[in-house]
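Below you will find the structure I want to go over with you.
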Amino acid sequence: MSTNATKRPHQGQRHGQRRGRDFIARHGETVFNAAKRLQGDAPHTPLTHAGFAQADEMGRALRQELGAKPALTLWSSPTGRALQTLAVIAEHLELDWHDARTDSRLVEIGMGSWGGRYYADVIAEVGPVFDSTSGLLRSAPDGEVYPEIAARVGGWAEDTAGDPGDRLVIMHGISSRVLRGVLTFAPDIAGFDAPALRGLPQGSVVEIHGDAERIVHLGSGGGGA
(Lines give C-alpha, C1' and ligand atoms only; values in the text may rest on other atoms or scores of the structure.)
Protein backbone atom coordinates (compact mmCIF):
# COMPACT_ATOMS: atom_id res chain seq x y z
CA MET A 1 0.00 0.00 0.00
CA SER A 2 1.55 3.28 -1.09
CA THR A 3 1.39 6.60 0.74
CA ASN A 4 1.54 10.13 -0.63
CA ALA A 5 1.65 12.58 2.24
CA THR A 6 2.84 15.66 0.37
CA LYS A 7 0.88 18.80 1.21
CA ARG A 8 0.40 21.40 -1.51
CA PRO A 9 -1.11 24.88 -1.42
CA HIS A 10 -4.69 25.10 -2.58
CA GLN A 11 -4.90 26.93 -5.90
CA GLY A 12 -8.60 27.69 -5.82
CA GLN A 13 -11.50 25.47 -6.62
CA ARG A 14 -10.71 25.19 -10.33
CA HIS A 15 -8.61 22.05 -10.40
CA GLY A 16 -8.75 21.57 -14.17
CA GLN A 17 -10.53 19.02 -16.30
CA ARG A 18 -10.89 15.85 -14.27
CA ARG A 19 -10.83 12.46 -15.97
CA GLY A 20 -13.19 9.71 -14.88
CA ARG A 21 -15.62 9.57 -11.99
CA ASP A 22 -15.04 9.89 -8.26
CA PHE A 23 -16.99 7.63 -5.92
CA ILE A 24 -16.57 9.23 -2.50
CA ALA A 25 -17.60 7.21 0.55
CA ARG A 26 -17.88 8.14 4.20
CA HIS A 27 -16.57 5.42 6.51
CA GLY A 28 -18.86 3.42 8.80
CA GLU A 29 -19.65 4.16 12.43
CA THR A 30 -16.75 3.91 14.89
CA VAL A 31 -16.41 3.44 18.63
CA PHE A 32 -15.84 7.20 18.94
CA ASN A 33 -19.04 7.94 17.01
CA ALA A 34 -21.01 5.55 19.20
CA ALA A 35 -19.59 7.12 22.37
CA LYS A 36 -20.23 10.67 21.06
CA ARG A 37 -16.58 11.70 21.20
CA LEU A 38 -14.85 14.20 18.90
CA GLN A 39 -12.87 11.96 16.60
CA GLY A 40 -11.18 14.37 14.23
CA ASP A 41 -7.93 13.12 12.74
CA ALA A 42 -7.40 10.37 15.35
CA PRO A 43 -5.59 7.61 13.43
CA HIS A 44 -7.01 4.43 14.97
CA THR A 45 -10.65 4.32 16.02
CA PRO A 46 -12.14 0.97 14.95
CA LEU A 47 -15.53 0.37 13.39
CA THR A 48 -18.44 -0.86 15.47
CA HIS A 49 -20.68 -3.75 14.44
CA ALA A 50 -23.00 -1.12 12.90
CA GLY A 51 -20.01 0.39 11.08
CA PHE A 52 -19.14 -2.92 9.45
CA ALA A 53 -22.80 -3.34 8.45
CA GLN A 54 -22.73 0.11 6.83
CA ALA A 55 -19.57 -0.85 4.93
CA ASP A 56 -21.39 -3.97 3.74
CA GLU A 57 -24.28 -1.82 2.50
CA MET A 58 -21.89 0.39 0.56
CA GLY A 59 -20.16 -2.63 -0.91
CA ARG A 60 -23.43 -4.11 -2.11
CA ALA A 61 -24.54 -0.78 -3.59
CA LEU A 62 -21.26 -0.30 -5.43
CA ARG A 63 -21.30 -3.90 -6.67
CA GLN A 64 -24.77 -3.27 -8.12
CA GLU A 65 -23.56 -0.01 -9.63
CA LEU A 66 -20.21 -1.14 -11.03
CA GLY A 67 -20.24 -4.94 -11.18
CA ALA A 68 -17.34 -7.24 -10.29
CA LYS A 69 -13.72 -6.17 -10.68
CA PRO A 70 -14.48 -2.63 -11.90
CA ALA A 71 -11.67 -0.47 -13.28
CA LEU A 72 -11.27 1.56 -10.08
CA THR A 73 -8.27 3.11 -8.42
CA LEU A 74 -8.75 2.62 -4.68
CA TRP A 75 -7.92 5.61 -2.49
CA SER A 76 -8.26 5.94 1.27
CA SER A 77 -7.46 8.13 4.20
CA PRO A 78 -4.71 6.29 6.10
CA THR A 79 -6.87 6.03 9.23
CA GLY A 80 -7.87 2.61 10.47
CA ARG A 81 -11.60 3.25 10.16
CA ALA A 82 -11.31 4.24 6.51
CA LEU A 83 -9.10 1.25 5.68
CA GLN A 84 -11.45 -1.13 7.49
CA THR A 85 -14.36 0.27 5.49
CA LEU A 86 -12.41 -0.10 2.27
CA ALA A 87 -11.53 -3.72 3.06
CA VAL A 88 -15.22 -4.68 3.22
CA ILE A 89 -16.13 -2.72 0.08
CA ALA A 90 -13.17 -4.16 -1.87
CA GLU A 91 -14.31 -7.68 -1.01
CA HIS A 92 -17.75 -6.96 -2.51
CA LEU A 93 -16.11 -5.56 -5.66
CA GLU A 94 -13.61 -8.45 -5.89
CA LEU A 95 -10.72 -5.98 -5.80
CA ASP A 96 -7.45 -6.36 -3.92
CA TRP A 97 -7.34 -4.14 -0.83
CA HIS A 98 -3.55 -4.24 -1.00
CA ASP A 99 -3.64 -2.22 -4.23
CA ALA A 100 -5.15 0.76 -2.40
CA ARG A 101 -3.33 4.06 -2.22
CA THR A 102 -3.43 6.12 0.96
CA ASP A 103 -2.94 9.86 1.25
CA SER A 104 -2.80 11.85 4.48
CA ARG A 105 -4.53 14.76 2.72
CA LEU A 106 -7.76 12.73 2.90
CA VAL A 107 -7.88 12.62 6.72
CA GLU A 108 -10.59 14.24 8.84
CA ILE A 109 -10.53 17.78 10.20
CA GLY A 110 -7.88 18.20 12.89
CA MET A 111 -9.72 19.03 16.11
CA GLY A 112 -6.70 20.27 18.06
CA SER A 113 -7.04 20.07 21.84
CA TRP A 114 -10.70 19.02 21.55
CA GLY A 115 -9.77 15.78 19.79
CA GLY A 116 -10.86 12.68 21.68
CA ARG A 117 -13.05 14.58 24.14
CA TYR A 118 -16.77 13.99 24.57
CA TYR A 119 -19.00 16.36 22.61
CA ALA A 120 -21.05 17.09 25.75
CA ASP A 121 -17.99 18.17 27.76
CA VAL A 122 -16.72 20.52 25.06
CA ILE A 123 -20.18 21.98 24.46
CA ALA A 124 -20.60 22.58 28.20
CA GLU A 125 -17.38 24.63 28.14
CA VAL A 126 -17.61 26.57 24.88
CA GLY A 127 -21.15 26.21 23.53
CA PRO A 128 -22.24 24.56 20.26
CA VAL A 129 -19.50 23.05 18.10
CA PHE A 130 -21.68 22.57 15.01
CA ASP A 131 -22.69 25.59 12.94
CA SER A 132 -26.48 25.74 13.01
CA THR A 133 -26.79 26.80 9.36
CA SER A 134 -24.25 24.65 7.54
CA GLY A 135 -23.84 21.81 10.02
CA LEU A 136 -20.07 22.19 9.75
CA LEU A 137 -18.00 21.25 12.79
CA ARG A 138 -15.81 23.87 14.41
CA SER A 139 -12.44 22.80 15.75
CA ALA A 140 -10.58 24.03 18.82
CA PRO A 141 -8.65 27.31 18.50
CA ASP A 142 -5.51 25.23 17.95
CA GLY A 143 -7.24 22.95 15.42
CA GLU A 144 -7.52 22.97 11.64
CA VAL A 145 -9.47 25.66 9.79
CA TYR A 146 -11.48 25.04 6.63
CA PRO A 147 -9.18 26.78 4.13
CA GLU A 148 -6.48 24.36 5.28
CA ILE A 149 -8.79 21.40 4.62
CA ALA A 150 -9.65 22.80 1.19
CA ALA A 151 -5.94 23.25 0.45
CA ARG A 152 -5.02 19.66 1.21
CA VAL A 153 -8.00 17.93 -0.43
CA GLY A 154 -7.71 20.33 -3.36
CA GLY A 155 -4.06 19.36 -3.72
CA TRP A 156 -5.05 15.70 -3.84
CA ALA A 157 -7.67 16.54 -6.49
CA GLU A 158 -5.09 18.36 -8.60
CA ASP A 159 -2.61 15.51 -8.34
CA THR A 160 -5.15 12.88 -9.40
CA ALA A 161 -7.06 14.88 -12.03
CA GLY A 162 -5.31 13.17 -14.94
CA ASP A 163 -5.45 9.62 -13.60
CA PRO A 164 -7.06 7.17 -16.02
CA GLY A 165 -10.35 5.52 -15.07
CA ASP A 166 -12.53 6.03 -12.02
CA ARG A 167 -11.61 6.40 -8.35
CA LEU A 168 -13.13 5.10 -5.12
CA VAL A 169 -12.20 7.36 -2.20
CA ILE A 170 -12.89 6.36 1.43
CA MET A 171 -12.73 9.28 3.83
CA HIS A 172 -14.57 11.20 6.53
CA GLY A 173 -17.63 13.30 7.27
CA ILE A 174 -16.19 16.82 7.23
CA SER A 175 -13.23 16.36 4.88
CA SER A 176 -15.44 14.58 2.34
CA ARG A 177 -17.90 17.49 2.42
CA VAL A 178 -15.07 19.86 1.56
CA LEU A 179 -13.66 17.60 -1.18
CA ARG A 180 -17.13 17.25 -2.69
CA GLY A 181 -17.40 21.04 -2.63
CA VAL A 182 -14.03 21.46 -4.31
CA LEU A 183 -14.82 18.90 -7.03
CA THR A 184 -18.21 20.45 -7.83
CA PHE A 185 -16.93 24.07 -7.73
CA ALA A 186 -19.33 24.91 -4.90
CA PRO A 187 -19.21 28.42 -3.39
CA ASP A 188 -17.50 29.04 -0.08
CA ILE A 189 -19.64 28.65 3.03
CA ALA A 190 -20.09 31.98 4.81
CA GLY A 191 -17.86 32.18 7.85
CA PHE A 192 -15.74 29.17 6.83
CA ASP A 193 -13.99 30.46 3.68
CA ALA A 194 -14.13 27.07 1.96
CA PRO A 195 -16.63 25.12 -0.15
CA ALA A 196 -18.58 22.23 1.36
CA LEU A 197 -21.60 20.24 0.22
CA ARG A 198 -24.33 19.03 2.56
CA GLY A 199 -23.55 16.43 5.17
CA LEU A 200 -24.48 12.80 4.58
CA PRO A 201 -24.85 9.93 7.09
CA GLN A 202 -22.06 7.51 7.81
CA GLY A 203 -21.97 4.76 5.21
CA SER A 204 -22.98 7.03 2.31
CA VAL A 205 -21.48 7.00 -1.20
CA VAL A 206 -21.74 9.67 -3.89
CA GLU A 207 -20.62 9.79 -7.49
CA ILE A 208 -19.08 12.99 -8.85
CA HIS A 209 -18.70 13.25 -12.60
CA GLY A 210 -17.72 16.59 -14.04
CA ASP A 211 -19.18 19.07 -11.57
CA ALA A 212 -22.35 17.06 -10.81
CA GLU A 213 -22.97 14.91 -7.75
CA ARG A 214 -25.30 11.93 -7.50
CA ILE A 215 -26.03 9.89 -4.37
CA VAL A 216 -25.27 6.23 -5.01
CA HIS A 217 -26.15 5.03 -1.50
CA LEU A 218 -27.51 6.93 1.50
CA GLY A 219 -26.04 5.41 4.62
CA SER A 220 -27.86 4.35 7.77
CA GLY A 221 -25.38 5.93 10.18
CA GLY A 222 -25.48 9.14 12.13
CA GLY A 223 -23.89 12.51 11.58
CA GLY A 224 -21.03 14.28 13.29
CA ALA A 225 -17.34 13.99 12.55
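Residues with amide H under 5 Å of VAL216's amide H, sequence separation 5 or more or different chain, H placed in the peptide plane at 1.01 Å from N; which?
For VAL216, the qualifying residues are VAL205, VAL206, GLU207.
Then there is this: Could you state the orientation-averaged shadow area of the convex hull built on the Cα atoms of the range 125-169, in nm² to one decimal?
Mean shadow area of the hull around the Cα atoms is 4.8 nm².
Also, quick follow-up: Between GLU125, GLU158, GLU148, find the one with the highest GNM mean-square fluctuation for the chain; connect C-alpha pairs within less than 10 Å.
GLU125
Just how many % of Cα pairs in the chain lie over 24 Å apart, if you round to the nearest whole percent?
37
Go from 0 up to the bin containing the longest alpha carbon distance in the range 62-171, width 10 Å each, and give me the % of pairs per bin.
The percentages, shortest bin first, are 13, 34, 29, 19, 5.
Using a 1.4 angstrom probe on heavy atoms only, work out the carbon and sulfur share of the accessible area of the chain in %.
52
Something else: If ligands, DNA and RNA are left out, what is the accessible area of ASP41 with a 1.4 Å probe, given in Å² to the nearest 10?
80
FRET efficiency for GLN64 and ASP188, Cβ-Cβ distance as r, R0 = 41 Å, nearest 0.05?
The calculated FRET efficiency here is 0.70.
For the range 17-112, run through the GluC sites (Glu not before Pro) and keep only the ones in DSSP coil with at most 15 other Cβ atoms within 10 Å of their Cβ.
GLU94
Another one. If DNA, RNA and ligands are ignored and the probe is 1.4 Å, what is the ranking of TYR146, TYR119 by accessible area, most exposed first? Walk me through the numbers on the way to the answer.
Numbers: TYR146 15, TYR119 35 Å².
Accessible-area ranking of TYR146, TYR119, largest first: TYR119, TYR146.
Could you list which residues have their amide H under 5 Å from that of ARG117, counting only those 5 or more apart in sequence or on another chain, with H placed in the peptide plane?
Correct list: LEU38.
Over the chain, with the other protein chains present, what is the accessible area per residue in square angstrom, probe 1.4 angstrom?
Spelled out: the 1.4 Å probe surface of the chain, per residue, equals 42 Å².
Let me ask you something else. Which whole-number percent is the relative contact order of the chain (Cα, under 8 Å, 6+ apart)?
Over the chain, the number comes to 32 percent.
Quick one: of the DSSP bridges fully inside the chain, what percent are antiparallel, nearest 5? Before the final figure, lay out the partial values.
Numbers: 13 of 27 bridges.
Of those bridges, close to 50 percent are antiparallel.
Would you work out if the range 158-223 is rounded, prolate or oblate? Take a ≥ b ≥ c from the square roots of the eigenvalues of the alpha-carbon gyration tensor; rounded if a/c is under 1.5, else prolate when a/b is larger than b/c, oblate otherwise.
On the way: a/c = 1.84, a/b = 1.06, b/c = 1.74.
Note, shape of the range 158-223 comes out oblate.
At 10 °C and 1.306 mPa s, what whole-number value in µm²/s does Stokes-Einstein give for the translational diffusion of the range 63-119, with Rh from the Kirkwood sum over Cα pairs? Before the final figure, lay out the partial values.
Numbers: Rh = 12.9 Å.
It diffuses with D of about 123 µm²/s by this estimate.
While we're looking at this one, here's another question. So what are the ³J(HN,Hα) numbers for the range 73-86, from phi and the Karplus equation (6.51, -1.76, 1.60; θ = phi - 60°), rounded to whole Hz, Gly and Pro as x?
8, 8, 10, 8, 4, x, 6, x, 5, 6, 5, 5, 4, 4
The values are calculated or read from the model by the stated rules, or taken from the named source; none is laboratory data. Remember, predicted model here, so these are calculated numbers, not experimental data. Heads up, the Cβs are rebuilt from the backbone with ideal geometry, glycines too, and the neighbour counts pull from every protein chain shown. Remember, those area values only see protein heavy atoms, side chains included, never the ligands or the DNA or RNA. Shrake-Rupley method; radii C 1.70, N 1.55, O 1.52, S 1.80 Å.
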